[in-house]
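S.K.: Handing you this structure, nothing more for now.
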Amino acid sequence: MLVGSTSIKRKIVSIIMVTSGSALLLACAGFLVYEYVLYRDSMTREMETAARVMADSNTATVAFGDAAGAAKSLAALRADRHLLHACVYDKTGRLFASFVANASTPCPASPVAIAASILGEQASVIQPVSVDGDSIGTVYLARDLRDLSGRAAQYLGIALIVLAASTLAALAVSSRLQRVISGPILQLALTATKISNNRNYELRAPKASDDELGTLVDSFNDMLEQIHRRDAALRKAQDELEQRVRERTRELEAEVAERKRAENAMFQAKQAAEESDRAKSTFLANMSHELRTPLNAVIGYSEMLQEDAEEKATPRR
């Protein structure tokens with residue numbers, strides 16, 4: 001749930017629930033342990049106090065061998081419904097008097113085999129009966145611990161109820177408080193989606209706080225500003241390039257037009273030269289024809305005159 005495709009809202013709520021649940025479990029466990037230890041210590045002190053009271057109140061009965069008085073004194077403990085038995089032993093270790101709440105749990109035959117302890121479902125305590133510092137007997141009390149188990153079960157039930165109520169309260173509170181974190185993130189994601197769909201880098205994500213999420217929003221907006229400036233620079237460079245291309249195109253078109261005009265002029269000059277050559281050739285041919293006709297006559301007369309002159313110059317034999 002924390003690493004899959006679950007929404008960040010549920011992840012935040014899950015984290016809060018797991019954290020609060022773990023804290024509550026540890027608190028409840030500590031509370032139960034504390035109550036158990038505290039109740040056991042309190043019960044032990046109560047038993048020790050009761051044993052000292054019985055030892056002080058039975059000093060005379062043990063000293064004077066009044067077993068009935070000792071039994072009557074022990075019977076005053078019947079108000080404790082968890083008491084198993086109360087026993088008084090004389091100086092020799094013989095059972096002197098006793099009060100047994102349940103026949104299945106009689107007093108031990110001798111105080112030698114007993115000791116103050118908490119074992120299983122039973123707790124016991126011993127207290128010496130003394131006169132002027134000399135021990136003349138022993139008081140032994142034993143009680144069951146079923147009330148401790150019942151108390152622990154009661155505390156466990158209360159802890160479970162508190163845990164369930166706290167979990168529901170944490171769920172309700174975290175469902176509302178998670179918006180403090182998920183709200184800005186979802187708004188940031190929505191802004192990123194709009195920018196991606198519309199290619200509009202002039203949009204900015206709203207900043208709701210000055211914490212880490214605010215720093216994230218500032219970084220995101222700064223990135224958008226850099227992208228916007230880069231796009232503006234690219235558009236400007238593209239416009240300048242297109243302008244230079246258009247200017248160069250016009251220059252090339254002008255050069256091409258000039259070359260075409262020059263070629264046309266050269267072609268026309270060539271045609272004019274060829275036409276002039278043809279006219280010249282025609283003129284020369286005409287002139288040659290016009291001049292050759294009279295000149296042929298002149299040349300012929302000249303040759304005849306030359307021949308006539310030669311004949312006249314030659315002496316006759």
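The values are calculated or read from the model by the stated rules, or taken from the named source; none is laboratory data. On a predicted model such as this, the values are computed, not experimentally measured, just so you know. All Cβ positions, glycine included, derive from the backbone under ideal geometry; neighbour counts span all protein chains shown.
S.K.: Among the candidates Tyr39, Tyr34, which residue alone is touching a residue at least 60 places away in the same chain (Cβ under 8 Å) and either in contact with a strand residue (DSSP E or B) (Cβ under 6 Å, 6 or more places away or on another chain) or not small (Gly, Ala, Ser) (or both)?
M.R.: Details: Tyr34 fails: touching a residue at least 60 places away in the same chain (Cβ under 8 Å).
None of the other options fit; the residue is Tyr39.
S.K.: Right, next: Quick one: which residue in Ala254, Ala313 is over 30 Å from Ser182 (Cα atoms), surrounded by 10 or more Cβ atoms within 10 Å (Cβ to Cβ), out of contact with any helix residue (DSSP H, G or I) (no Cβ under 8 Å at 6 or more places or on another chain) and of a type outside the set (S, T, N, Q)?
M.R.: Ala254
S.K.: Sticking with this structure for a sec: Return the only residue of Ser73, Ser98, Ser20 being of a type in the set (S, T, N, Q), surrounded by 15 or more Cβ atoms within 10 Å (Cβ to Cβ) and in contact with a Leu (Cβ under 8 Å, 6 or more places away or on another chain).
M.R.: The match here is Ser98.
S.K.: Now a separate question. Give Ser196, Ser182 a once-over and let me know the one that is touching a residue at least 60 places away in the same chain (Cβ under 8 Å) and out of contact with any strand residue (DSSP E or B) (no Cβ under 9 Å at 6 or more places or on another chain). If you could, list the steps in order and put the result at the bottom.
M.R.: Details: Ser196 fails: touching a residue at least 60 places away in the same chain (Cβ under 8 Å).
Just a single option satisfies the conditions, and that option is Ser182.
S.K.: Now a separate question. Would you confirm whether or not segment 215-226 contains a residue that is of a type outside the set (Asp, Glu), part of a loop (DSSP other than H, G, I, E, B), in contact (Cβ under 8 Å) with a residue 12 or more places away in the chain and out of contact with any strand residue (DSSP E or B) (no Cβ under 8 Å at 6 or more places or on another chain)?
M.R.: no
S.K.: Every residue in segment 178-195 that is exposed (fewer than 15 other Cβ atoms within 10 Å of the Cβ) and either not in a helix (DSSP H, G or I) or not charged (D, E, K, R) (or both), please.
M.R.: Val180, Gly183, Leu186, Ala189, Leu190, Ala192, Thr193
S.K.: Only one of Ala86, Ala71 is assigned to a helix (DSSP H, G or I) and at pLDDT 85 or above; which?
M.R.: Criteria check complete, one pass: Ala71.
S.K.: Count, please, the residues in segment 215-267 that happen to be over 30 Å from Leu190 (Cβ atoms) and at pLDDT below 85.
M.R.: 0
S.K.: Can you tell me how many residues within segment 16-50 are touching a Phe, Trp or Tyr at 6+ places or on another chain (Cβ under 8 Å) and aliphatic (A, V, I, L, M)?
M.R.: The qualifying residues number 1.
S.K.: Follow-up. Can you tell me which of Ser175, Ser281 is under 30 Å from Leu24 (Cα atoms) and outside any loop (DSSP other than H, G, I, E, B)?
M.R.: Ser175
S.K.: Here is a follow-up. Does Val33 satisfy the condition of being among the β-branched types (Val, Ile, Thr) and either surrounded by fewer than 16 Cβ atoms within 10 Å (Cβ to Cβ) or at pLDDT 85 or above (or both)? Before you say what the answer is, go through the steps one by one.
M.R.: Working: among the β-branched types (Val, Ile, Thr): yes; either surrounded by fewer than 16 Cβ atoms within 10 Å (Cβ to Cβ) or at pLDDT 85 or above (or both): yes.
Yes, satisfied.
S.K.: Would you check which residues across segment 96-107 are in contact with a helix residue (DSSP H, G or I) (Cβ under 9 Å, 6 or more places away or on another chain) and either outside any loop (DSSP other than H, G, I, E, B) or over 26 Å from Leu148 (Cβ atoms) (or both) and list them?
M.R.: Phe96, Ala97, Ser98, Phe99
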